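The values are calculated or read from the model by the stated rules, or taken from the named source; none is laboratory data. Treat the numbers as computed from the prediction; the structure is a model and nothing was measured. Using ideal geometry, Cβ is built from the backbone for each residue, glycine included, and neighbour counts are taken over all protein chains shown.
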Amino acid sequence: MKKAAFILVLCIGLLLAWAAKDFPSWGDPQSPASSSPVASHFIANTGVDTEVPNMVTAVLADYRGFDTMFETVVVFIAGLAVFSILRGGPKNRTRDREFVVDFEPDLIVTNTVRLIVPVIQIFALYVLAHGHVSPGGGFQGGVAMGASFILIALSWDLKTALARFPIERCFTVAALGIVIYAGIGLLSLFLGGEFLDYAHLAKIFPVSPEMARYHAMLGVEIGVGFTVTAIMFALYASLSTDGRMRDGL
Amino acid sequence: MGLELFNTLILCLLVVVAVLSLWVRDLVVSAVVFAIYSFLMCLLWAEMGAVDVAFTEATVGAGVSTVVLIATVFNLKRKAKD
Amino acid sequence: MFEDGSIFNQLLVERLNYFIYVVLLLIGLWAMIAKNNLIKKLIGMSIFQTAIILFYVSIGVKEGATIPIYLPEHDPHGSHAQLDSNHTELLSHGA
Amino acid sequence: MIDTLASAVLAESANSPGWFLVHAIGVSMGIVGLIFFLGTAVGVVRFPDFYTRMHAAGKGDTLSTMLMLTGFGLVMMEDFSANSWLLLLKILGIVLFIFITTPTSSHALMRAAFEDDEMPLGEEDLNKLRKRRAKPKSK
């Protein structure tokens with residue numbers, strides 16, 4: 001099995017390396033990927049269409065908004081699947097766990113975490129809201145926000161973190177994020193445009209169509225941030241306790 | 001020239017770290033070495049100008065995925081057979 | 001061995017990114033096929049995935065380009081017509 | 001090496017006269033930070049047991065990172081405009097964050113090792129280690 005795999009991998013590698021010598025050299029501005037009409041269209045028109053300086057955010061949340069919506073749904077389904085599979089197992093199965101956790105929360109660690117968790121959460125909100133003009137956005141801000149709850153669970157114990165963010169509420173918040181995303185898309189559908197065509201939101205909000213796209217992108221990012229925050233924490237809580245939500249790491 | 005040297009160094013380290021994270025038997029060590037891999041990848045992407053990808057890799061790859069991997073190993077046997 | 005035009009020069013010096021992407025892809029694929037431990041398989045899958053993203057970023061990178069964010073002095077409205085004709089203008093700005 | 005660094009500093013501050021001293025202080029702080037970082041790396045490899053290794057890693061890492069970041073902030077100062085001050089302030093914020101978090105993380109690691117019954121090396125172990133390290137030299 002291992003030998004067959006090695007030979008297979010080696011054959012694929014030789015084929016790929018043979019193909020790799022025909023690629024454009026590194027950093028060539030005239031390479032096909034850089035000189036394609038799609039790239040030049042995005043570079044030239046993002047600022048005009050949407051007023052968003054960060055082209056990546058504009059492409060992710062506006063031009064390819066449908067894609068990002070279902071990416072968020074995939075994150076939600078992944079969290080739900082992990083939770084359901086681990087929760088649904090046999091109740092008293094034997095585990096050969098090698099780590100035993102039975103000590104008090106450490107004073108220095110908990111006090112430091114008390115200091116830095118607000119900073120992390122404010123930074124996460126900054127990353128989420130500032131994703132238009134600097135690197136960042138819903139996914140990164142949501143992960144940072146979820147990491148702050150994971151930090152609470154690591155420094156005290158899982159019960160303390162679950163008291164602040166119960167596991168049932170995790171999935172409510174995650175679903176709420178998708179509802180926000182799809183709701184903005186449906187709103188633009190009802191206003192006469194297509195699904196996720198944010199420019200039509202200018203009909204009910206007192207802004208220009210470009211700024212409507214700008215602000216709708218912010219709303220969409222907030223939806224993504226909700227889902228990712230909740231799912232990251234739910235993933236950690238499920239995986240570290242084997243689905244039982246107690247005796248965690 | 002300086003950036004190309006940096007690029008080459010990180011690319012060579014990447015292969016070493018990728019092999020190492022699959023080589024070691026201890027799964028916690030494997031997860032930590034994989035965090036190093038993610039961090040090197042993040043540096044490479046920041047150097048190439050793909051800042052959003054670099055940010056995602058720094059938060060997801062080097063941050064949360066390491067914690068989740070270790071939380072998973074916590075419920076499994078720590079030593080792998082291969 | 002490393003003279004101009006040889007395959008080693010083409011792969012290892014001029015296109016090191018592509019060579020490393022192939023190597024990482026193979027490491028990940030081999031781990032996914034041959035390892036029995038599921039965590040190792042997962043790490044292999046992550047390596048595979050980052051290798052593919054490395055490939056995408058490597059074909060998109062441009063020498064001396066800035067990051068894909070408009071700086072204040074770029075002013076997308078003013079340079080619109082000019083950018084349509086020659087979009088590399090914007091990206092040849094930085095270091 | 002010092003020559004090239006000095007010439008780099010000179011070239012750097014040629015377009016913003018009057019900032020030579022600040023840039024020189026920044027670059028020298030960076031160099032000192034790198035020296036401390038080398039010490040950290042050597043200590044992590046060479047010290048005998050877990051606690052002494054974490055001693056090197058925790059202290060040296062914190063100090064060298066703080067020095068390098070502060071030096072970087074000073075080198076980036078060009079004038080007294082709001083942008084420069086804001087950049088320095090942000091970097092000092094990172095320095096403060098590192099000053100709080102890195103010692104805490106090494107403390108948490110030490111505590112975890114202590115709870116896991118990891119023992120520091122005693123006198124006998126050290127003597128054994130000395131013998132083992134002395135052998136290859138005598139060959």
Filtered residues of segment A:122-142 (kept if surrounded by 17 or more Cβ atoms within 10 Å (Cβ to Cβ) and hydroxyl-bearing (Ser, Thr, Tyr)): A:Ser134
Segment C:32-76 - residue that is at the interface with chain A (Cβ under 8 Å from one of its Cβ atoms), assigned to a helix (DSSP H, G or I) and not β-branched (Val, Ile, Thr) and, of those, surrounded by the fewest Cβ atoms within 10 Å (Cβ to Cβ): C:Gly60
Looking only at segment A:119-141, which residues are under 17 Å from B:Glu57 (Cβ atoms) and modelled with pLDDT under 90? A:Gly131, A:Ser134, A:Pro135, A:Gly136, A:Gly137, A:Gly138
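Answer with yes or no whether B:Thr59 is facing another protein chain (nearest Cβ under 7 Å), in a helix (DSSP H, G or I) and of a type outside the set (A, V, I, L, M, F, W, C). Reasoning before the result, please.
Working: facing another protein chain (nearest Cβ under 7 Å): yes; in a helix (DSSP H, G or I): yes; of a type outside the set (A, V, I, L, M, F, W, C): yes.
For B:Thr59, the condition - facing another protein chain (nearest Cβ under 7 Å), in a helix (DSSP H, G or I) and of a type outside the set (A, V, I, L, M, F, W, C) - is met.
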Have a look at B:Ala46, B:Ala31 and point out the one that is buried (at least 17 other Cβ atoms within 10 Å of the Cβ) and within 30 Å of A:His130 (Cα to Cα). B:Ala46
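Give the residue, chosen from A:Tyr214, A:Tyr181, A:Tyr198, A:Tyr236, that is surrounded by 24 or more Cβ atoms within 10 Å (Cβ to Cβ), hydroxyl-bearing (Ser, Thr, Tyr) and at pLDDT below 90.
Details: A:Tyr214 fails: surrounded by 24 or more Cβ atoms within 10 Å (Cβ to Cβ); A:Tyr181 fails: at pLDDT below 90; A:Tyr236 fails: at pLDDT below 90.
Being surrounded by 24 or more Cβ atoms within 10 Å (Cβ to Cβ), hydroxyl-bearing (Ser, Thr, Tyr) and at pLDDT below 90 holds for just one of A:Tyr214, A:Tyr181, A:Tyr198, A:Tyr236, which is A:Tyr198.
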Can you name the condition, by its number, that A:Arg244 falls short on among (1) within 14 Å of chain B (Cβ to nearest Cβ); (2) assigned to a helix (DSSP H, G or I)? (2)
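Got at least one residue in segment D:60-77 being within 14 Å of another protein chain (Cβ to nearest Cβ) and more than 23 Å from A:Val113 (Cα to Cα)? Break it down into steps so the answer makes sense when it comes.
Going through segment D:60-77, the residues within 14 Å of another protein chain (Cβ to nearest Cβ) turn out to be D:62.
Cutting the leftovers down to more than 23 Å from A:Val113 (Cα to Cα) gives us none.
No.
Do we find that A:Ser25 is farther than 30 Å from A:Leu128 by Cα, surrounded by 13 or more Cβ atoms within 10 Å (Cβ to Cβ) and either more than 7 Å from chain C (Cβ to nearest Cβ) or among the charged types (D, E, K, R) (or both) in this structure?
Values: farther than 30 Å from A:Leu128 by Cα: yes; surrounded by 13 or more Cβ atoms within 10 Å (Cβ to Cβ): yes; either more than 7 Å from chain C (Cβ to nearest Cβ) or among the charged types (D, E, K, R) (or both): no.
For A:Ser25, the condition - farther than 30 Å from A:Leu128 by Cα, surrounded by 13 or more Cβ atoms within 10 Å (Cβ to Cβ) and either more than 7 Å from chain C (Cβ to nearest Cβ) or among the charged types (D, E, K, R) (or both) - is not met.
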Of everything in segment B:22-32, what is more than 9 Å from every other protein chain (Cβ to nearest Cβ) and in a helix (DSSP H, G or I)? Give them in sequence order. B:Trp23, B:Val28, B:Val29, B:Val32
Scan segment A:143-161 and tell me whether some residue there is crowded, with 24+ Cβ neighbours inside 10 Å, closer than 17 Å to A:Thr68 by Cα and among the small types (Gly, Ala, Ser). no
For segment B:37-52, give me each residue that is facing chain A (nearest Cβ under 8 Å) and either touching a residue at least 24 places away in the same chain (Cβ under 8 Å) or β-branched (Val, Ile, Thr) (or both). B:Val51
If a residue counts only when it is more than 12 Å from chain B (Cβ to nearest Cβ) and touching a residue at least 24 places away in the same chain (Cβ under 8 Å), which helices (runs of 4 or more DSSP H) contained entirely in segment A:111-205 have at least 3 such residues? A:158-164, A:167-190
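Could you check how many residues of segment A:53-74 are outside any helix (DSSP H, G or I) and in contact with a helix residue (DSSP H, G or I) (Cβ under 9 Å, 6 or more places away or on another chain)?
Taking segment A:53-74 and keeping what is outside any helix (DSSP H, G or I), we get A:53-54, A:64.
Now narrow it down to the ones that are in contact with a helix residue (DSSP H, G or I) (Cβ under 9 Å, 6 or more places away or on another chain): A:53-54.
Residues meeting the conditions: 2.
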Looking only at segment A:36-59, filter to residues that are more than 8 Å from every other protein chain (Cβ to nearest Cβ) and farther than 19 Å from A:Ser208 by Cα; which one of those is surrounded by the fewest Cβ atoms within 10 Å (Cβ to Cβ)? A:Pro37
Please tell me if A:Leu14 is in contact (Cβ under 8 Å) with a residue 40 or more places away in the chain, more than 30 Å from A:Leu196 (Cα to Cα), in a helix (DSSP H, G or I) and not acidic (Asp, Glu). no
Might you let me know whether segment B:63-73 holds any residue that is in a helix (DSSP H, G or I), touching a strand residue (DSSP E or B) at 6+ places or on another chain (Cβ under 8 Å) and at the interface with another protein chain (Cβ under 8 Å from one of its Cβ atoms)? no
Of all residues in segment D:64-108 being among the aliphatic types (A, V, I, L, M) and within 14 Å of the chain's Cα centre (by Cα), the one that is surrounded by the fewest Cβ atoms within 10 Å (Cβ to Cβ): D:Ile98
